[in-house]
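J.: For reference, the structure I am asking about is given below.
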Amino acid sequence: MCLYDPHGGYIEPLVEVRETGKEIEIYVDLPFVEDSKDVKVEVLDDELEITAAMRRSVRWERWGTYQRFQAFSQYRTRIRLPGDVDAQNARATFRNGVLKVVLPKRINKVKVNVE
């Protein structure tokens, strides 16, 4: 897992995926994101893409043989979904730095006639 992108200043947030019988719940920890307007959620085929802008950047410094400095100002992650979902009925809420995305599973039920 790559924690940072040295070219774009992105960092991957902590993610938890829960699957129930009827839906997939995804919890994403987004510290330093203050408003739901700063969060963007998209469903792309079998993946969920989340980007969020931080109100203040986070710095990572390493001093030793090589000096490194990196500042992160956005979160970005792609999550492979464990099943086929109904993206049109997806719901998302953002409270206290935690994004919750609920994706109903698409259930393809076909009646088979028995002769």
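J.: Would you check which residues across the stretch 1-57 are modelled with pLDDT of 85 or more, touching a strand residue (DSSP E or B) at 6+ places or on another chain (Cβ under 8 Å) and among the polar types (S, T, N, Q) and list them?
T.: 36, 51 - these are the residues of the stretch 1-57 that are modelled with pLDDT of 85 or more, touching a strand residue (DSSP E or B) at 6+ places or on another chain (Cβ under 8 Å) and among the polar types (S, T, N, Q).
J.: Hey, could you check the stretch 79-103 for residues that are surrounded by 10 or more Cβ atoms within 10 Å (Cβ to Cβ) and polar (S, T, N, Q) and say which is farthest from residue 32 (Cα to Cα)?
T.: Here is the first cut: in the stretch 79-103, the ones surrounded by 10 or more Cβ atoms within 10 Å (Cβ to Cβ) are 79, 81-87, 89-94, 97-103.
Those left that are additionally polar (S, T, N, Q): 89, 93.
Working: 89: 28, 93: 16 Å.
Going through the qualifying residues, I end up with 89.
J.: Quickly run through the stretch 91-115 and pick out the residues that are within 17 Å of residue 21 (Cβ to Cβ), hydrophobic (A, V, I, L, M, F, W, C) and part of a loop (DSSP other than H, G, I, E, B).
T.: Of everything in the stretch 91-115, just one residue is within 17 Å of residue 21 (Cβ to Cβ), hydrophobic (A, V, I, L, M, F, W, C) and part of a loop (DSSP other than H, G, I, E, B), namely 107.
J.: Yes or no: the stretch 68-78 includes at least one residue that is touching a Ser or Thr at 6+ places or on another chain (Cβ under 7 Å), closer than 17 Å to residue 16 by Cα, open to solvent by less than 60 Å² (accessible area, probe 1.4 Å) and at pLDDT below 95. Explain how you work it out, then say what you get.
T.: Applying the first criterion (touching a Ser or Thr at 6+ places or on another chain (Cβ under 7 Å)) to the stretch 68-78 yields 71-76.
In the following step, the residues that additionally are closer than 17 Å to residue 16 by Cα were identified as 75-76.
Among the residues that remain, those that are also open to solvent by less than 60 Å² (accessible area, probe 1.4 Å) are: 75.
Next, from what is left, pick out any that are at pLDDT below 95: 75.
Looking for residues that are touching a Ser or Thr at 6+ places or on another chain (Cβ under 7 Å), closer than 17 Å to residue 16 by Cα, open to solvent by less than 60 Å² (accessible area, probe 1.4 Å) and at pLDDT below 95, one finds at least one in the stretch 68-78, hence yes.
J.: Would you tally the residues in the stretch 16-37 being surrounded by 17 or more Cβ atoms within 10 Å (Cβ to Cβ) and either hydroxyl-bearing (Ser, Thr, Tyr) or within 13 Å of the chain's Cα centre (by Cα) (or both)?
T.: 4
J.: Only one residue in 52, 87 is aliphatic (A, V, I, L, M) and within 13 Å of the chain's Cα centre (by Cα). Which one?
T.: That would be 52, the only listed residue that is aliphatic (A, V, I, L, M) and within 13 Å of the chain's Cα centre (by Cα).
J.: Here's another thing I want to ask about it. When the residues of the stretch 44-57 are narrowed to those that are open to solvent by 50 Å² or more (accessible area, probe 1.4 Å) and assigned to a strand (DSSP E or B), which ends up nearest to residue 82 (Cα to Cα)?
T.: The selected residue is 44.
The values are calculated or read from the model by the stated rules, or taken from the named source; none is laboratory data. Just so we're clear, the structure is a prediction, and the values are computed from it rather than from any experiment. Cβ sites come from the backbone with ideal geometry, for glycine too, and all protein chains shown count toward neighbours. Each accessible area value is taken on the protein alone, full model and side chains, heavy atoms only, with ligands, DNA and RNA left out. Shrake-Rupley method; radii C 1.70, N 1.55, O 1.52, S 1.80 Å.
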